[in-house]
Amino acid sequence: MGLRVQIFKWSLGDCTNKGMSSTCDALTLINVEGPFEPTPDAPAAKLLLRKTGNAIIEPADIPPNKWTMSGGNFAYTSDTRFCEALRLLTGYAHSFPVSIHDRVED
């Protein structure tokens, strides 16, 4: 079970290299408490903290030895569980959209 977040896409086109946010309008954060199961319309993703201190969202099924980068899309929900998960992850409270890092290069 997880929390559903809405995807906000870059208006000038897709730069995700066919990342998951290019084909759907929502994601299901499987590491944040919520009532939703991942679906094809809202695939599984994880809210993570990068070494730089930035909170990001990545697909749940990143292949080994691959890294992700931003394709220009963001995710957000007004659900307070999202803000609380960000506070626990980063150490400070905020309710801003989070960058989706679903661009993977071959």
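Here, each number is a calculation from the coordinates, and none is a lab measurement. Only a predicted model underlies this, so the values are computations on that prediction, with no experimental measurement involved. Methodologically, a virtual Cβ is constructed for each residue, glycine included, from the backbone with ideal geometry; neighbour enumeration extends over all protein chains shown.
Longest stretch of the chain clear of exposed loop sites (trypsin sites (Lys or Arg not before Pro), DSSP loop, at most 16 other Cβ atoms within 10 Å, sites excluded): 67-106.
The charge dipole of the chain, taken about the Cα centre with unit charges on the Cβ atoms of Lys, Arg (+1) and Asp, Glu (-1), comes to about 320 debye, rounded to the nearest 20. Rounded, prolate or oblate: which one fits the range 1-55, using the alpha carbon gyration tensor with axes a ≥ b ≥ c (rounded when a/c is under 1.5, else prolate when a/b beats b/c, else oblate)? In terms of gyration-tensor shape, oblate. Normalised by the number of residues in the range 3-100, the average gap of Cα pairs under 8 Å and 6 or more apart makes the relative contact order 30 percent.
Secondary structure note: in the chain, about 80% of the DSSP beta bridges are antiparallel.
Among rounded, prolate and oblate, which fits the range 3-100 when a ≥ b ≥ c are the square roots of the eigenvalues of its C-alpha gyration tensor, a/c under 1.5 means rounded, and a/b larger than b/c means prolate? Here the range 3-100 falls in the rounded category.
For THR16, neighbours were defined as the other residues whose beta-carbon sits under 10 Å from its Cβ, and their charges (Lys and Arg +1, Asp and Glu -1) total +1.
Per-residue 3J(HN,Hα) values for the range 99-106, derived from phi via the Karplus relation 6.51 cos²θ - 1.76 cosθ + 1.60 with θ = phi - 60°, read 5, 8, 9, 10, 8, 10, 9, 7 Hz in sequence order (x marks Gly and Pro).
By how many degrees, between 0 and 90 and to the nearest 10, does the Cα long axis of helix 80-90 differ from the longest principal axis of the chain? Helix 80-90 sits roughly 80 degrees off the main axis of the chain.
For the range 1-24, the residues whose amide N sits under 19 Å from a probe point set 7 Å from the Cα of GLU37 along the beta carbon direction are 1-5.
Each of LEU47, ASN65, ALA93 was scored by the projection of its Cα onto the charge dipole of the range 3-100, and the greatest displacement toward the positive side belongs to ASN65; charges sit on the C-beta of Lys, Arg, Asp and Glu. Which of the lysines could a cross-linker bridge to LYS9, judged by Cα under 16 Å and excluding same-chain residues fewer than eight apart? Of all the lysines, those that pass the test against LYS9 - Cα under 16 Å, at least 8 places apart if same chain - are LYS18.
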